[in-house]
Structure formats: structure tokens, C-alpha cells
Amino acid sequence: MSSMKKSYLIRLIIATCGFLFPHLAFSSLNDWGFLGENSRGSIDLSSRVSSNLDTQEYSFLHVFGIDIHKVFSSDTSDIGTLILQPYIVKLNNVNNPNFIFDDGNDTKLTWRIANFNYTALNQGKFNIRLGHFEVPFGLEYQIDTNGTLHQLTAAQRGIKTDWGFSFNGIMPRFEYEIALTRGSGVDFSRRDNPHLFSGRIGTLSNKNIVTGLSWLTGEILAANGVVEQTKVGIDASYYYYQWQLMAESSIGKMVGNNTMNGFVELLWRNARENLSIYTQVGYQRAEIDHEVSSQRDSTSYWTTGVQWLSEDGFDISAQYKQKLKQAENVNIAPSLSLQLRYRM
């Protein structure tokens, strides 16, 4: 795409977002030269529609974001990497939205990722990250699923990203990240004093077989206060030509009750890596202690999805989710979701 066409397209996208979000101001970005060397930026625009197949109700999610990535360097080495991803999220008719939204028709400016990773201490073996980043736990930590229909296991923990700091690095035979974070998720909040200690140690992610050990413990902020949670998990990924098999299992306690979670995904990707099809099965079990006895309740579901990427930056995806079994206090309605996304 020529620079002139790109400039016109950026202006058109910003003008469109100004129409969708009239109370917010946007400035025109002709290019990303103001970021300096070793930097790149993208505009990210997506719309998603989801249908509850039981009630025939529809919900919509519109997102506009800017993705900035910059590496700071000296004359001899890299100093650190800055990632800034401010995103405006607009909900329409969404049931049970995240508690950061006032209701299912709210509009909010959020930070998807916003952190600086200082890498100049020991050639990438010991780095310090500060800001908003993905909680280091399990499969979700390894694969970038931000902004996609394709999600992994973050919903089992109730938190995907958080504010805080971490120590991380890549050693000759393993990778690690150990984090101390606020425990409030998308927004930084001191309400009810949440906190979270988490980490993952795994084999090198560029191998055909990748394994990891993860943990988290603390109190995570939710709509009605903090939820005490402790988990230990293992994950494994196997890559064979165009196939990818991933699994995760964890045990722990949530509000004093024993819990167990399991997840398996099989994914196929074509040779051009622009088409992928996946199938998932998830399982959650809680053992609730009563005064006289304990009760076990479990929930399971399966998901299948497809994603197609064009050379021009378009991303078209669809996903279907259905319950296998659900606990008394859990409602998993069969749902079909479609998303159109454009990154430039």
C-alpha cells in the first residue's frame, strides 16, 4: 500500500471512530515517523457480533486501538522495549459485561498492554518489566490472543492482564517471568486492596515441544469485591508441521474451595499460515465444603472456530461455543460469534 493511500486510510478510520465515539477527540496520524528509530505502530479496528442461540439476542463489541512498539537502544546494545496499546471499547446490548463497564451499553478507554521491559542488565537473561502486562500463567501467557475470538484459559482465573512489575528473561534452556501485580485487572484500583503473585517457568518457546509450570496466589478484584485464589498449573504444547496440540491443567483453591481446571486445544494452520481452524474442550470442577459434607460441581464446554488473515490486514473469524455440562450457578448458552478486524 502506498504511503499516500495509507495516509488517506488512516484519516478515514479516525474520522469513522470520531463518528462512533463523538465524545472523544482524535488527531490525524499521517505516519509513525514521530516514534523514531526501531519503532512501529498499527491502527487496530474491529467489530464483533455475538448471538445467544437460546434467546436469539444479539450483542455487539466495537473496538478502536493504537498499537505502539518501540525498542530503545544505545550505540552498543538494546536498553528496553516499550509497548503502548490504548483501546476504546464500545459495548451494545452486552449481558454481564466486565465490571469495569457501567452497563452493557458503555464506552470506555482501556489499556490492553502498556509496559516497559528493561533489558540492559544481563543480555536478556534478567529483565525488569513495569506497567500493564499479561499475568504469567499457562497457555494464555505464551500466545497473543488479545482482540481475537480465539481465547484460551484466562477465563478460568478471572484475570488476563494486570498492573505491576515482573522479573523475566530467557536462559539457555528455559524462560521465566515472575510478577507482583495489583490484582485489579484492566484498571488500576486499590478498592478492597487486591494483590497477586504469579509466575511461569518453561522450556524455550521456539522448540517443537514446550512445557511450563505456573502459579498464582492472591486476592483478585471482581464485581462484588476480592476473590481469594491460589492455583498451580502445568501446560504443554506440541507442534507437528501444520498441527498444534496444547493442554493445560491446574489445581488450587478459590474462596477456600478446592478447584480443578483442564483445557485441551487442537489447531490446524495451512501452509501459508493465513487460515487456522481449532477445536477446544474446557473443564472446571469445584468442591464446595458444607458443615456436614462436601459437594462437587463441574462445568465443561467445547468450542470450535476459524480465522482467516488477508495480506491487506483484514482478519475475519467465527466461533461457536456449546456447553457439555454446567454447574447450578453457571450458565453457558450456545453462542455464535463473528468478528471483522483490520490492522494497519
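The residues of the range 60-125 have, on average, 53 Å² of accessible surface per residue, using a 1.4 Å probe with all protein chains present. Each part reduced to its alpha carbon centroid, the range 203-229 and the range 39-77 end up 22 Å apart.
Using a 7 Å offset from Cα along Cα-Cβ at N96, what residues in the range 137-176 end up with backbone N under 16 Å from the label point? Answer for the range 137-176: 154-159.
Taking the range 225-330, which trypsin sites (Lys or Arg not before Pro) meet the DSSP loop condition and have no more than 14 other C-beta atoms within 10 Å? Please report the intermediate quantities before stating the final value.
Details: sites: K231, K253, R269, R272, R285, R296, K321, K323, K325; in loops: R272.
In loop regions of the range 225-330 (DSSP not H, G, I, E or B), the sparsely surrounded trypsin sites (Lys or Arg not before Pro) are R272.
Beyond 24 Å in Cα-Cα separation lie the following of the pairs K207/K323; K160/K231; K90/K231; K108/K325; K108/K160: K207/K323; K90/K231; K108/K325.
What does the highest-first list of 303-311, 72-80 look like by mean Cβ count within 10 Å? Could the numbers behind the result be given before it?
Values: 303-311: 15.3, 72-80: 11.7.
For the peptides 303-311, 72-80, the packing ranking is 303-311, 72-80.
Excluding ligands, DNA and RNA, the accessible surface per residue across the range 223-305 is 57 Å² with a 1.4 Å probe. Atom-type composition of the exposed protein surface of the range 70-183 places 55 percent of the accessible area on carbon and sulfur (1.4 angstrom probe). Proximity of backbone amide H atoms, modeled 1.01 Å from N, is registered between V135 and T161, D162 at under 5 Å, excluding neighbours fewer than 5 places apart on the same chain. Would you mind calculating the gained length between Y239 and S310 on full extension (0.36 nm times residue separation, minus the Cα-Cα distance), in nm to one decimal? Working it through step by step, the gained length comes to 23.2 nm.
Histogrammed with a bin width of 10 Å, the alpha carbon distances of the chain distribute as 5, 21, 33, 29, 11, 2, 0, 0 percent, first bin at zero.
The values are calculated or read from the model by the stated rules, or taken from the named source; none is laboratory data. From a predicted model like this one, the values you see are computed outputs, not experimental measurements. Counting neighbours? That spans all protein chains shown, and the Cβs are built from the backbone with ideal geometry, glycine included. Protein only, heavy atoms only, side chains kept; ligands, DNA and RNA dropped before computing areas. Shrake-Rupley method; radii C 1.70, N 1.55, O 1.52, S 1.80 Å.
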